[in-house]
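Novice: Next up is a structure, given as structure tokens.
The values are calculated or read from the model by the stated rules, or taken from the named source; none is laboratory data. These numbers come from a predicted model, not from an experiment. Positions of Cβ are generated from backbone atoms using ideal geometry, with glycine treated the same way; all protein chains shown enter the neighbour counts.
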Amino acid sequence: MTKWRKTKDGAIGALVLLAAVLPGAAAGLITPAENPGIVEHLGQAIPADIRCLDDKGAEVNLRALADRPTILSLVYYSCDHICPQVLVALGRLVGDLPLAAGMDYRVVTLSFDSLDSPRDAAKARRNYTRPLPKDFPPGAWMFLTASERNIRAVTGRLGFSFEQEEHGFVHPAVLVVLGPGGVISRYIYPTKYAYGASYPVTFPAVGMADSLRRAALGEIGAEAPGPVLFCFPHEPPGQARYYGLMRLAGWGTLAVLAALFLYLIAGRRKWRPAGD
């Protein structure tokens, strides 16, 4: 009986350890060694003097745009990795929301690359709004650019940190829900993704609808902390293959431990006294 208890405790410890490390391995998460990341600044407001340009080159005040619940996404328009997936996911999301775009909420996409121009914003608007329903209001999703000073003021207030590299930026993928007056109400993270693989990014439609309703009431909410998806300007050679192997190794380890657990259960029954 003592031998069984020691073996059982060891198996349970191994299963707990696996549960702690498997999700990260299975998802292929990467934590940059530098500063890029997100620090939630709930309850703070977008600075009142942030000036941006829309896709036609007209100046707009970012905080003034948040006169209703607003979904703010931060990307850079020349990205060809995670940013396009985030914008495609955002397009699917607004198509699934049980709310009236332009009336109940607004969508704003801002490039944090100061070299992006209104022409780049116009191209992004054409690409990512094309699949939306025909009756989607033209001004309900705005694509903006801004100067370096304005970008730093916005990202600093949001707690959104990014780092420029030779071919682009390293940055987190997140949507920010703003309440009226540009108050930061909630951060929404992808619920489905696998970095380095051909796999769509997904944001929760039900959670977003609830967040927009709460933001309209001036409520501040926080999601349970979870892993953050990062966008990288390039994919290192063999990275997708590496993370595929990591996932296989993780599931293989789980299968081995499950088999060990079943073996120990069978052993317990075998060693159980006849009177039990």
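Novice: Within segment 38-76, count every residue that is more than 16 Å from residue 184 (Cβ to Cβ) and under 17 Å from the mean Cα position of the chain (by Cα).
Specialist: The total comes to 2.
Novice: Could you check segment 103-116 and list, in sequence order, the residues that are surrounded by fewer than 21 Cβ atoms within 10 Å (Cβ to Cβ) and touching a residue at least 60 places away in the same chain (Cβ under 8 Å)?
Specialist: Once the filter is applied, which keeps residues that are surrounded by fewer than 21 Cβ atoms within 10 Å (Cβ to Cβ) and touching a residue at least 60 places away in the same chain (Cβ under 8 Å), segment 103-116 yields only 104.
Novice: Would you please name the residue that is modelled with the highest pLDDT, looking only at residues in segment 120-166 that are among the acidic types (Asp, Glu) and within 17 Å of residue 35 (Cα to Cα)?
Specialist: Residue satisfying both the conditions and the ranking: 163.
Novice: Say whether the condition of being buried (at least 17 other Cβ atoms within 10 Å of the Cβ) and of a type in the set (D, E, K, R) is met by at least one residue in segment 94-102.
Specialist: There is no residue in segment 94-102 that is buried (at least 17 other Cβ atoms within 10 Å of the Cβ) and of a type in the set (D, E, K, R).
Novice: Quick one: which residue in 93, 74, 175 is at pLDDT below 95 and in contact with a helix residue (DSSP H, G or I) (Cβ under 8 Å, 6 or more places away or on another chain)?
Specialist: Result of the check over 93, 74, 175: 93.
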